[in-house]
Amino acid sequence: MRFSLRQLRIFVEVARHESVSRAAATLALSQSATSTALAELERQYDTQLFDRFGKTLRLNELGQALLPQAVELIERAAAIENVLEGRAGYGLLRIGATLTIGNYLATLIVADFLKRHPESTLQLRVHNTAAIIDQLVRHEFDLGLIEGTCRHPDLHVEPWVADELVVFCAPAHPLARRGSATLAELAGEAWIVREPGSGTRETLDQALRHHHSAMNIRLELEHTEAIKRAVEFGLGIGCISRLALREAFRRGSLVAIETPELDLRRDFQFLWQRRKFQTVGMREFIDLCRAMTAGCERSDQIEWSFIPCRRGGGGGLAGGVVAGGGRKLTGGRRAFGPLLRAGSGAPGVRGARRRRRRAGEPQHHLTFPQQRRINMFKGILITRDEAGYRAQLQDIDDAVLPAGDVSVRVEWSTLNYKDALAITGKAPVVRRFPMVPGIDLAGTVIESSNPAWKVGDQVLLNGWGVGETHCGGLAQMARLQGEWLVPLPAKLTPRQAMAIGTAGYTAMLCVLALEKHGIRPQDGEILVTGASGGVGSVSIALLARLGYRVVASTGRVAEAAYLQSIGAAAVIDRQELSAPGKPIGKERWAGVIDSVGSHTLANACATTRYRGAVAACGLAQGMDFPATVAPFILRGVTLYGIDSVMAPLAVRQEAWERLARDIDIARLDAISHEIALSEVVALAPQLLEGKVRGRVVVDVNR
């Protein structure tokens with residue numbers, strides 16, 4: 001072997017810097033020694049590895065082929081040396097992250113990584129997507145975390161977690177009161193956006209690709225915080241990740257503008273060189289990233305409970321991290337305390353600061369009391385371990401509850417179809433264990449660090465992943481994010497709100513969709529499928545109260561008297577709709593509310609009148625949609641998808657205000673019945689078998 005590791009190391013650094021002098025400075029060698037070693041490597045094999053343009057050296061084809069192999073060999077040699085010298089840790093790991101990831105996620109993962117491996121050193125640099133890709137190609141990073149797209153043939157791309165941009169404005173902006181905007185309305189606004197080359201700008205440009213001429217870009221800024229401040233000062237509207245705006249939305253300093261015409265979804269992604277040796281450190285860092293987002297469908301659902309905090313004070317991380325500007329942060333919590341405090345949505349940090357101030361401790365230590373007051377409460381707890389999958393009523397320690405800025409004493413909850421799936425384990429609804437099920441709750445605030453809520457406020461909650469990724473309402477206590485809560489309408493009691501629950505709230509979203517489409521009672525019959533279920537029952541009661549003629553479709557024709565008592569003008573057997581049908585049928589329905597899906601939804605669309613509308617909100621028959629485009633292109637039928645889980649606050653408040661005004665309390669009592677918390681587990685299988693009608697309200701205190 002005629003080459004040495006020293007020669008290869010010099011070759012790699014010259015390739016990275018495209019300059020002998022800068023490579024020499026990095027290696028702490030003289031320029032002469034660096035130039036001589038590189039020339040000797042080329043002379044030994046009678047070849048050239050670089051094309052020379054003055055003082056700039058660019059890799060030629062042979063050099064490009066050699067570079068990844070040289071990097072891999074050097075890294076393997078360093079790993080061998082660590083083993084032989086008895087050194088722990090993973091040596092140096094170089095991470096490049098784009099702005100949103102770097103500011104809101106990567107610093108926390110770095111803290112966790114260095115706590116686990118204090119002998120390691122980690123460099124974290126923050127740039128836009130284009131810069132990260134460029135530096136990865138030149139082997140300046142081991143791993144990239146980006147929010148844009150990458151099509152470079154030399155780089156391997158793996159998805160990490162979904163992310164979504166959101167258009168936003170200041171609270172005083174006219175669009176804030178509306179909560180949503182059309183493309184035509186957005187075209188007249190001044191935009192404050194990220195710079196070209198960033199993943200955020202790429203996603204926005206892609207979403208607006210057919211409307212660029214109408215965009216009025218007032219400012220292009222390189223930092224999300226600068227964009228947020230500019231929008232707060234009223235300079236225009238912005239568009240960045242929901243993750244970066246979570247805290248601002250919670251405070252109310254900024255307001256989301258929903259834009260149903262724009263697809264602003266994207267993925268956070270991992271990048272590395274295809275031919276690069278993947279070190280153990282790289283693999284562990286990626287594993288920590290995936291652990292952070294496990295069970296999350298989108299980045300703004302990430303919880304921060306994994307942040308490493310040791311009981312007692314002092315000590316911590318001995319490794320180092322280089323920040324985006326090249327400043328090296330060392331000393332564990334002394335370094336990362338400010339980063340953790342600055343990050344949006346880090347639950348429990350404010351409380352930790354208050355505890356430290358009371359104890360007179362230094363502010364840079366994350367410390368917790370040695371003894372914790374134990375609060376126990378009754379609840380349904382789902383666990384999964386070697387013994388299997390279980391759901392049972394038991395005493396629960398509040399330490400089980402995830403982080404949140406509002407604690408609620410739950411008074412009433414519900415048993416829904418999704419809850420029954422979670423309790424029985426018939427579908428993979430639960431994505432974190434242990435889990436308290438229950439997608440609904442109503443109760444009273446007992447503790448809050450969220451300025452929007454104070455002790456004694458009566459609140460309700462639907463959706464947001466509670467009962468799936470965050471402990472839900474089938475217990476006497478819940479710890480939640482304040483931004484998920486809605487004030488209990490003055491006209492409703494907590495029990496009445498839960499008699500409505502997610503099913504009724506979803507039904508109202510469907511009714512609002514039909515109303516906003518322009519469908520009026522005089523336009524014709526409204527079909528409600530899955531009529532005996534929660535959504536169907538409340539939909540019938542609401543529509544009847546508003547003057548519509550409702551036709552109820554059910555598989556339990558024996559329930560006809562019940563359905564007519566809550567407002568149905570006619571009842572049909574679901575078999576008329578549930579079998580495969582024709583692409584288009586006789587016009588009958590002015591509008592449809594469907595909670596069934598599959599053939600039922602396809603047939604409902606096929607028999608909807610010209611310019612009618614269908615609101616789809618469920619999949620009891622199936623997720624498939626065996627239809628054709630005929631109803632949509634021949635009759636102009638509109639199909640609305642109804643999302644109740646992640647609907648924005650303004651939409652939720654509108655729905656609950658209308659429910660409080662329009663629901664017939666007498667009919668509400670007729671479509672709901674009450675059970676004790678102790679009866680929930682036994683009733684869940686019956687609900688899945690279709691043996692339970694209407695709404696099931698749960699008194700969690702008995």
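The values are calculated or read from the model by the stated rules, or taken from the named source; none is laboratory data. Since the structure is predicted, the reported quantities are computational estimates derived from the model, not experimental observations. Here Cβ is always computed from backbone atoms with ideal geometry, including for glycine, and neighbour counts include all displayed protein chains. For the accessible areas, the whole protein counts, side chains as well, though only heavy atoms, and no ligand, DNA or RNA atoms are used. Shrake-Rupley method; radii C 1.70, N 1.55, O 1.52, S 1.80 Å.
Worth a mention:
- Total formal charge among the other residues, if their Cβ is under 9 angstrom from that of LEU512, Lys/Arg +1 and Asp/Glu -1: 0
- Here the extension length gained between ALA77 and SER180 equals 31.4 nm, from 0.36 nm per residue of separation less the Cα-Cα distance.
- Karplus-derived 3J(HN,Hα) values for the range 262-274, using 6.51 cos²θ - 1.76 cosθ + 1.60 with θ = phi - 60°, are 10, 9, 10, 7, 7, 10, 6, 9, 8, 9, 7, 5, 4 Hz; glycine and proline are entered as x.
- Average accessible surface area per residue within the range 548-630, 1.4 Å rolling probe, Å²: 46 Å²
- Around SER21: net Lys/Arg minus Asp/Glu count, Cβ-Cβ under 15 Å: +2
- Cα gyration tensor shape for the range 117-170, rounded if a/c is under 1.5, else prolate or oblate: oblate
- Computing log10 I(q)/I(0) by the Debye sum over Cα atoms at q = 0.08, 0.10, 0.11 Å⁻¹ for the structure here picks out one of (1) -0.85, -1.02, -1.11; (2) -0.74, -1.06, -1.21; (3) -0.64, -1.03, -1.27, namely (2).
- Gap separating the Cα centres of the range 605-644 and the range 96-118, nearest whole Å: 45 Å
- Full extension of the chain between SER253 and THR444 gives 66.3 nm of extra length, using 0.36 nm per residue less the Cα-Cα distance.
- Accessible surface, per residue, of the range 1-131 when the full set of protein chains is kept, probe 1.4 Å, Å²: 50 Å²
- The modelled label-to-label distance between ALA187 and ARG274, using points 7 Å beyond Cα along the C-beta direction, is 4.2 nm.
- On full extension, the segment bounded by GLU222 and ILE633 gains 143.6 nm, given 0.36 nm per residue less the C-alpha separation.
- Working ranking of peptides 450-463, 174-187, 597-610 by packing, defined as the average number of other Cβ atoms within 10 Å per residue, highest first, is 597-610, 450-463, 174-187.
- Charge tally around ALA560: other residues with Cβ under 15 Å, Lys/Arg +1 each, Asp/Glu -1 each, net 0.
- Taking 26 Å as the straight-line reach from the Cα of LYS378, the lysines in range (excluding those fewer than 8 positions away in the same chain) are LYS418, LYS426, LYS454.
- Axial C-alpha extent at least 27 Å, average Kyte-Doolittle at least -1.0 - helices from the chain (DSSP): 61-84, 494-517
- Using a simple spin-label model with pseudo-atoms 7 Å out from Cα toward Cβ, GLU587 and ARG22 lie 6.9 nm apart.
- For SER672, the amide hydrogen comes within under 5 Å of the amide hydrogens of ARG695, counting only partners 5 or more places away or on other chains and with H modelled in the peptide plane.
- Spacing of the two label points (7 Å from each Cα toward its C-beta) at ASP263 and GLU525, in nm: 3.7 nm
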